[in-house]
Amino acid sequence: MNARERRTARHQPPSPEEARPRRRKDPITVEQVVDTALGIIATEGYDALTMRRLSAALDTGPASLYAHVVNKADLDELLIGRLCARLALPEPDPAAWREQIRGVCEELRDQYLKYPGISRAALAMAPTDLEALRVSEGMLALLLTAGIAPQRAAWAIDALLLYVAAYCLELSVAHRRAEQGDAVWPADRDELVRRITALPAASFPHTTRHAAELTSGTGHDRFDFTVGLMIDGLA
């Protein structure tokens, strides 16, 4: 399906079967709501998750769904809380705080990447979910034990969590574009280097000279560099 067909499909009215209210024999639970939502995201991406799509997957009506979640923002917080519940927080060790805080960031990154685009739900969120608060409490304990001033520690946690979410979101957007054939940049690094080095050197002397450095990095090299840079800045 090309881009035009996808846009058309999104604006088609629901079929009579889709429009018919669904009835479910067994009552749903919050856990089922979150499980189903994560299943949708894992297979279709975060953008596919709507309250209507979730209701259909649960074979229930919107009224039953809203009995468990207030709105999409409430659902987002439940989703992030579920992922945070999977994180193992270390006992603070002032001699190993850098490795410990980096480990928390890596665990959260890996959880986000299992569900394409889900880190968008964490952006601009002031969490009240106990599991999300457990993670920030654990990170705060690590930094305070290391002797970091409370204000610096608090802002550092915010910056680290923001970077992890943004990093994962960028990866999910790039992967989705590649799957849809809409990638802006060439996926092949050699081609990217060729394009950069073909720029007029008089206007871009540094960019053309350091094309290899600008395009370097495999796996999570850039993530490791940036998180390390932020952590070292606190020392």
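The values are calculated or read from the model by the stated rules, or taken from the named source; none is laboratory data. If you're wondering where the values come from, they're calculated on a predicted model, not measured in any experiment. Here the Cβ positions follow ideal geometry from the backbone for every residue, glycine too, while neighbour counts run over all protein chains shown.
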(request) Just give me the residues in the range 103-119 being of a type outside the set (Ser, Thr, Tyr), in a helix (DSSP H, G or I) and crowded, with 19+ Cβ neighbours inside 10 Å, in sequence order. (result) VAL104, CYS105, LEU108, ARG109, GLN111, ILE118
(request) Determine, yes or no, whether GLN100 is free of Cβ contacts under 8 Å to residues at least 60 places away in the same chain and surrounded by 18 or more Cβ atoms within 10 Å (Cβ to Cβ). (result) yes
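Taking MET125, is it touching a helix residue (DSSP H, G or I) at 6+ places or on another chain (Cβ under 8 Å), farther than 30 Å from THR50 by Cα and not basic (Lys, Arg)?
Judged against the criteria, MET125 is not a match.
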(message) Please return the ranges of helices (runs of 4 or more DSSP H) entirely within the range 175-235 where 3 or more residues are modelled with pLDDT under 95 and among the aromatic types (Phe, Trp, Tyr).
(response) none
(message) Just the residues that are part of a helix (DSSP H, G or I) and either loosely packed, with under 13 Cβ neighbours inside 10 Å or touching an Asp or Glu at 6+ places or on another chain (Cβ under 8 Å) (or both), please, taken from the range 138-151.
(response) THR145, PRO150, GLN151
(request) Give the number of residues within the range 42-94 that are of a type in the set (Ser, Thr, Tyr), surrounded by fewer than 18 Cβ atoms within 10 Å (Cβ to Cβ), within 19 Å of LEU169 (Cβ to Cβ) and touching a residue at least 24 places away in the same chain (Cβ under 8 Å). (result) 0
(message) Could you tell me how many of the residues in the range 164-223 are loosely packed, with under 12 Cβ neighbours inside 10 Å and either under 21 Å from ALA48 (Cβ atoms) or aromatic (Phe, Trp, Tyr) (or both)?
(response) 4
